[in-house]
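J.: There's a structure below that I have some questions on.
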Amino acid sequence: MTVKGELAAHPTNREGHRERARPRRKRWSLETLILVPILAYLAVFYVYPLARILLLSVYGPRLTFDHFLRMVTVPVYTQVLMRSFRIALLVTVLSLVLGYPVAYLLSNLKPRQVALLMPVILVPFTISVLVRSYAWMAILGRQGLVNTLLGWLGLTQQPLEILYNEFGVLLGMVHILLPFFILPAYSVMIRIDRDLLKAAYIMGATPARGFLEVFLPLSLPGIIGGGLLVFIQALGFFVTPALLGGPQDTMISMLIELQISQLLNWGFAAALSSVLLIATLGGFMLLTRIVRVSILWGEAR
Amino acid sequence: MRTSPPNSWAARIGTFSFRVYCALVLLFLAAPVVIVVPLAFSSADFLRFPPPSYSLRWFNNFFSRRDWMEAAANSFKIGFLTAGLATVLGTAAAYGLVRGRSKRKEALYAFFISPMIVPNIVFALALYYLFSRLRMVGNMWSLVLGHTVLALPPVIIVLSASLQSVDYALEQAAMIHGARRLRAFVEVTLPLILPGMVTAALFAFLVSFDDLLIALFLSGSRAVTLPKRMWDGVRLEIDPTVAAVALLVMLLPTVILVMTALLRKRAVGRGGEKATP
Amino acid sequence: MAVRRLIGWWFSGAMGALALVGILSGPALAQKGEVVIVTYGGTAADALREAHWKPFTAETGIVVREETPPTPAKVKAMVESGNVVWDIVEMDLNWIISLQKAGNYLEKIPVNQLPPKYVAALDREAINEYGIGAFYWAWVMAYRTDVFKAGNRPKSWADFWDVKRFPGPRTLQDSPGSNMEFALLAAGKKSDGLYPLDPDQAFKKLDEIRPSIKKYWDTGALAPQLLADKEVFLGSVYSGRIKHLQDQGIPVEIEWNQGLLNLDYWTIVKGAKNFNNAIKLIGYMLDPARQAKFAKLIPYGPVNKEALPLISPEVARQLPSYAENKKRMILYNSEWWGPHREELNERWQQWKLKTK
């Protein structure tokens, strides 16, 4: 549908103005056509490569399920998968425990105070994962910040082993993913009508009860949305566990990278990728059912 | 806020410890950012804390080494190209989403946002497979094309919000007065969403600038980006040049955040616009 | 209004400027030519850059692009897909054997195109059909001398395995090569009875030490880094990387006893785009004076015999090819490793992931 075509449909009247009647419902409106470039782009550089990888996991020179079989039969690989899920779950729970109170606090502050505190959350958020993971190496090392401080305060004799193990990985990942919980949770919480709480108090509820029975349930979409967001990202994390973890902390993404860079096992790497991709997309679809995705970023209704 | 302020001291302790808890969490979020500063200025050859003394030698090292400078130049180039491409594609997409009447808006929106969710390692692998067949590994453009996919979600998010706050009636009014669709867009809507577009472009730039995984696979030797160089630096070098670079790299998003905040201030208070949260 | 326009102009101006930069810097590089060389990076690459690459670029105008790390898997992928982006790759003999056994991934080295007076002075083993010797190096044990004081220093791989006498976190290379030899030596095998290696016995012995390995190093710089940061107290290292630490005053020592001596080669990937420049650079790196300078920067042994008289005695003593050091070490048997490399790599990766 071209602009010219549309104009031809509305000929000028004698005064030279084009009468603009309500546009007929054309088959291809401008709004639809304008989506073509991005759809084409994503089809070629996003959907196609991913589909190709999914295909590669079962179709090498011929159809085979060997790669998937290998994943479930060789114990070490199953362990890596289990570990990734476990760590992702732990990170999610920790993010919830740390993030919910902060989101709650923020949602109750005046806009000026929020404007003051938001940068504390947003600035680290915009700094690259690589830089932040590197910073954690410097903090958690045997001669790093924490150990130096503890030793100087006389609290420890030996340096604590908090790097190159799961503790370090969890710490680093929670630090990076926390804003992904706080922001959606906050976004949902500020929409909760405080009058509902007031009504509860008027009817005699204690603050605790008001919170538990009114606020908490209403904030649930934010919790689930934020939690899912953290979980699916934690599953696929690479940089942080690679830098902060020990040999026992290998996660799926590191395994995938290894298969390609060291062993050139495309089929197996593709199979691992497929598992990760499907788990992630599954989580995402769940997310979109529970929460209108646009809410997460505060789109006005 | 509560209408019945808690006055028992149990409640007051509760509130106080709650505030302390939140403060600790916020400290936890901010701390690592701070530690890079003394490290970058350390004179020691290793990640020692506290640094024995201070010096600028690592910054010197960064600016005098060709491989570091080339990596930085590449990152800027690729970042700008990505920002341009993503903003153009994203603006069109946001327009189609916001102004369109499709019933599948939510689905489309989710689809456009999905690159943020798809694990980077899988996407990087997929791109590596694609581009090595196309003989484009080590070519700057393969990075631009890949980064654009990753940059589209923030661009679309920002621009959707921006477009939504611009009343369609303004565009319609222009058309009623005889302007063609395109002209109405360019002369009425575009200026109003320009701050949003600049913000989106800045975020797209950041996404590209910070990407590691795609660069890890597609950089080759000719298109090494700064994150790739830093990653190698962390694993292949023993000196804290990476810390110095990290500090410089941290300044960039801070500057960008400040700029976007200023842009938002400009956008608010002009007719026909609401502040976006 | 004015601000908006300003932003608009600034933005398009910046974009235009950078697009220009992008366009301009592209063709400029192709003119003088370049060569891509892949090494293990870190201080070794620093030394190569100082001794060889910088003067090479100054004399010939050819740009030397460095990449790291070299992996046979990448070489294979490159050649198979036809997208060859590497020219010279540093690798040891077992990789050369392994690659050529699997297919045709390396170019034959045209020895007649190399400067004859250098070639004539090379050690015999430095000339291979598919590679020219780069330098001698060794895997050795390194440890912190502030943890293990004089009188109680580990002297053998059996000591390394002895976590009671020498407690503390350790590091080993992320590769079966070298670790299997060390395990077998620790299990009591004699140096001359080491090869052919018994993988089952080796992995069984490795199981014992696994709990003490804090992190595996996959780059040459990581092991010295871990030692310097005191994240580990002892580990296996590339022999030359420790000098850098000692120069900084970090208390680390190496033990030549039961070290593994090896020789790295410069190879050229099949279908390399800059074949001629690659030959030029390889030939350039055989010059005895420059090899002596390299040895001074990092204690790795030169392959050109004429470099030896140019090396001072203090430096010579630190070289793995130094007679005193050499005789305490074992020669790494690349012939054995070549055919076994792939399967043992796979086995090693799986072994590493086990938690028990």
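J.: Which numbered condition in (1) within 14 Å of chain C (Cβ to nearest Cβ); (2) touching a helix residue (DSSP H, G or I) at 6+ places or on another chain (Cβ under 8 Å); (3) farther than 30 Å from B:L125 by Cβ is the only one that B:V186 fails?
T.: (2)
J.: Then there's this: So, C:K149, is that one surrounded by fewer than 19 Cβ atoms within 10 Å (Cβ to Cβ) and closer than 20 Å to C:G240 by Cα or not?
T.: So C:K149 fails the test.
J.: Which of the residues that make up region A:80-128 are facing chain B (nearest Cβ under 9 Å), surrounded by fewer than 23 Cβ atoms within 10 Å (Cβ to Cβ) and touching a residue at least 40 places away in the same chain (Cβ under 8 Å)?
T.: Across region A:80-128, the qualifying residues are A:L98, A:Y104, A:L106, A:I121, A:L122, A:F125.
J.: Something else: Being among the hydroxyl-bearing types (S, T, Y), modelled with pLDDT under 85 and farther than 23 Å from B:F80 by Cα, is that true of even one residue in region B:167-180?
T.: So far as region B:167-180 goes, yes, one or more of its residues are among the hydroxyl-bearing types (S, T, Y), modelled with pLDDT under 85 and farther than 23 Å from B:F80 by Cα.
J.: Tell me, which residue of region A:237-286 that is outside any helix (DSSP H, G or I) and among the small types (G, A, S) is modelled with the lowest pLDDT?
T.: A:G246
J.: Out of curiosity, is C:A142 of a type in the set (G, A, S) and farther than 20 Å from C:S98 by Cα?
T.: Taking the combined requirement at face value, the residue satisfies it.
J.: All but one of (1) in a helix (DSSP H, G or I); (2) away from every other protein chain (no Cβ under 12 Å) hold for C:T43; which doesn't?
T.: (2)
J.: Condition first: in a helix (DSSP H, G or I), within 7 Å of another protein chain (Cβ to nearest Cβ) and of a type in the set (G, A, S). Now tell me which residues in region B:91-127 satisfy that.
T.: Of everything in region B:91-127, those that are in a helix (DSSP H, G or I), within 7 Å of another protein chain (Cβ to nearest Cβ) and of a type in the set (G, A, S) turn out to be B:A92, B:A93, B:G96, B:A110, B:S114, B:A126.
J.: May I pose another question? Across region A:132-179, what is the number of residues that are more than 10 Å from chain B (Cβ to nearest Cβ), within 21 Å of the chain's Cα centre (by Cα) and surrounded by 24 or more Cβ atoms within 10 Å (Cβ to Cβ)?
T.: Final tally of qualifying residues: 4.
J.: Now for a different question. Restricting attention to region C:288-318, and to residues there that are surrounded by 21 or more Cβ atoms within 10 Å (Cβ to Cβ) and part of a loop (DSSP other than H, G, I, E, B), which single residue is farthest from the chain's Cα centre (by Cα)?
T.: Here the residue is C:I311.
J.: Any residue at all in region C:90-105 that's within 14 Å of chain B (Cβ to nearest Cβ) and either among the charged types (D, E, K, R) or part of a loop (DSSP other than H, G, I, E, B) (or both)?
T.: Scanning region C:90-105 turns up at least one residue that is within 14 Å of chain B (Cβ to nearest Cβ) and either among the charged types (D, E, K, R) or part of a loop (DSSP other than H, G, I, E, B) (or both).
J.: Among the numbered conditions (1) at pLDDT below 85; (2) facing chain A (nearest Cβ under 7 Å), tell me where B:S132 comes up short.
T.: (2)
J.: A follow-up question, please. Out of all the residues in region A:51-73, which are touching a helix residue (DSSP H, G or I) at 6+ places or on another chain (Cβ under 7 Å) and of a type in the set (A, V, I, L, M, F, W, C)?
T.: A:I53, A:L54, A:L56, A:F65, A:F68, A:M71, A:V72
J.: For region A:205-225, indicate whether the set of residues that are at the interface with another protein chain (Cβ under 7 Å from one of its Cβ atoms) and of a type in the set (K, R) is non-empty.
T.: no
J.: Across region C:136-161, which residue is nearest to C:A295 (Cα to Cα) among those that are touching a helix residue (DSSP H, G or I) at 6+ places or on another chain (Cβ under 7 Å) and in a strand (DSSP E or B)?
T.: If we take residues in region C:136-161 being touching a helix residue (DSSP H, G or I) at 6+ places or on another chain (Cβ under 7 Å) and in a strand (DSSP E or B), then C:W137 is nearest to C:A295 (Cα to Cα).
The values are calculated or read from the model by the stated rules, or taken from the named source; none is laboratory data. Please read all numbers here as calculations on a predicted model, not as lab measurements. Cβ sites come from the backbone with ideal geometry, for glycine too, and all protein chains shown count toward neighbours.
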